[in-house]
1. Among the candidates 368, 347, which residue alone is at pLDDT 95 or above, on the phi > 0 side of the Ramachandran plot and surrounded by 16 or more Cβ atoms within 10 Å (Cβ to Cβ)?
2. For region 99-119, which residues satisfy the criterion of being more than 16 Å from the ligand (Cβ to nearest atom) and in contact (Cβ under 8 Å) with a residue 40 or more places away in the chain?
3. Quickly run through region 291-326 and pick out the residues that are outside any helix (DSSP H, G or I) and in contact with a strand residue (DSSP E or B) (Cβ under 9 Å, 6 or more places away or on another chain).
4. Restricting attention to region 102-128, which residues are over 21 Å from residue 47 (Cα atoms) and surrounded by fewer than 23 Cβ atoms within 10 Å (Cβ to Cβ)?
5. Within region 329-341, how many residues turn out to be buried (at least 24 other Cβ atoms within 10 Å of the Cβ) and in a loop (DSSP other than H, G, I, E, B)?
6. Show me the helices (runs of 4 or more DSSP H) entirely contained within region 148-234 in which 1 or more residues are modelled with pLDDT of 90 or more, over 26 Å from residue 256 (Cβ atoms) and out of contact with any helix residue (DSSP H, G or I) (no Cβ under 7 Å at 6 or more places or on another chain).
7. Just to be sure I understand, how many residues within region 33-47 are in a loop (DSSP other than H, G, I, E, B) and within 10 Å of residue 114 (Cβ to Cβ)?
8. Could you identify the single residue in 344, 352 that is away from the ligand (no atom under 14 Å from the Cβ), in contact (Cβ under 8 Å) with a residue 60 or more places away in the chain and either assigned to a loop (DSSP other than H, G, I, E, B) or in contact with a strand residue (DSSP E or B) (Cβ under 8 Å, 6 or more places away or on another chain) (or both)?
Ligand SMILES: Cc1cc2nc3c(=O)[nH]c(=O)nc-3n(C[C@H](O)[C@H](O)[C@H](O)COP(=O)(O)O)c2cc1C
């Protein structure tokens with residue numbers, strides 16, 4: 001029998017803990033976001049469909065990004081026990097300088113399209129968190145504006161080598177002059193990937209007012225208010241004629257770029273040269289032999305070649321081949337601090353976040369980016385404590401297993417040798 005009694009008013013009173021309501025709607029919204037997926041949901045609600053889809057979407061069937069995210073979800077951690085993890089140090093050194101957290105902000109184009117504060121919000125948040133910020137060639141804030149937003153912190157410049165080489169080289173020199181310490185040379189973009197959502201949405205830069213976009217704007221008045229009352233959305237470093245993103249990329253990108261371009265860039269930029277978009281072991285070796293300062297294993301967030309290798313799966317092989325000779329960063333699919341921890345354990349020196357930052361930006365401008373960084377930092381720290389390591393250097397491959405759902409068919413079964421012989425015969429004929 002349960003004994004019952006009448007509740008005493010004093011005890012009842014003690015149970016009542018009414019929190020002071022948060023009157024600032026943005027603060028309330030962001031505080032309720034506990035994961036990057038939560039920020040993504042808020043972002044979707046607040047951003048016009050075409051801009052959200054441009055950010056969220058990837059190429060063709062969007063398989064590259066789905067597989068990369070799944071690879072991270074399929075991590076199994078192997079914690080140690082009974083270690084003192086009352087304090088953990090999440091800081092690291094990368095490309096010749098410090099970072100308070102083992103990730104930085106990846107370069108993204110058209111960032112003010114997502115939310116009007118754009119790159120300046122990213123650079124300011126990076127400054128506050130003590131992590132590097134990367135500005136894209138297709139950025140909508142200038143090299144100098146980013147420098148002003150993050151004057152004492154680390155800024156990196158991402159380079160697309162364009163048909164008009166002089167424009168690209170001019171940007172490299174400007175970035176060097178503004179004290180950017182690292183240059184990312186992106187090499188996975190000979191032509192634009194097929195971003196089908198953009199085509200279906202009739203997405204163009206600048207956004208066009210059609211009946212559909214006007215209807216879509218009704219529940220998202222703040223985005224449009226920002227868009228119409230702040231300086232026009234344009235490339236800060238380039239002049240362009242407008243059109244769909246694919247058309248603009250194709251007009252700017254040069255499918256003839258080669259290893260020779262690397263030599264010229266090397267001469268122009270005094271800082272670190274890092275190649276972004278490396279996707280196999282042979283190229284990694286060749287780049288290291290050519291003297292680059294680092295690699296970013298990336299498939300561009302799945303926005304270029306669909307069904308590309310999953311960078312997280314490629315990582316152990318590349319680390320084995322060149323890990324002792326160069327620094328290796330990785331991106332594509334990072335949505336959780338645990339993904340960062342797993343990458344470090346598998347031998348990466350650093351990670352980059354693209355969409356995770358942009359979802360924060362769309363959810364709440366600068367405060368949203370701060371929130372995205374805080375969520376990831378918190379997840380990294382907690383995961384490290386639970387794995388029971390107290391510094392980034394202590395993370396090792398033994399802490400992680402990559403559970404692999406898809407494995408390549410064995411070459412013997414596929415009779416690849418037979419196929420190769422046939423091709424040789426045809427060549428000889
Ligand atoms: C909206 C958007 C724009 C991007 N623009 C560029 C760019 O201009 N240059 C570049 O090298 N990479 C660009 N990227 C790729 C990112 O630098 C990074 O490789 C990718 O976002 C990582 O994947 P994640 O979004 O899953 O973190 C872009 C990515 C997104 C989502």
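1. 347
2. If the condition is that a residue be more than 16 Å from the ligand (Cβ to nearest atom) and in contact (Cβ under 8 Å) with a residue 40 or more places away in the chain, then 99 is the only one that fits.
3. 291, 292, 293, 294, 295, 296, 297, 298, 299, 304, 309, 326
4. Hits for region 102-128 are 124, 127, 128.
5. Residues meeting the conditions: 4.
6. On the way: elements: 165-177, 196-201, 211-217, 221-229.
In region 148-234, the matching helices (runs of 4 or more DSSP H) lie at 165-177, 196-201, 221-229.
7. 1
8. Only one candidate passes the filter, namely 344.
The values are calculated or read from the model by the stated rules, or taken from the named source; none is laboratory data. Remember, predicted model here, so these are calculated numbers, not experimental data. Cβ sites come from the backbone with ideal geometry, for glycine too, and all protein chains shown count toward neighbours.
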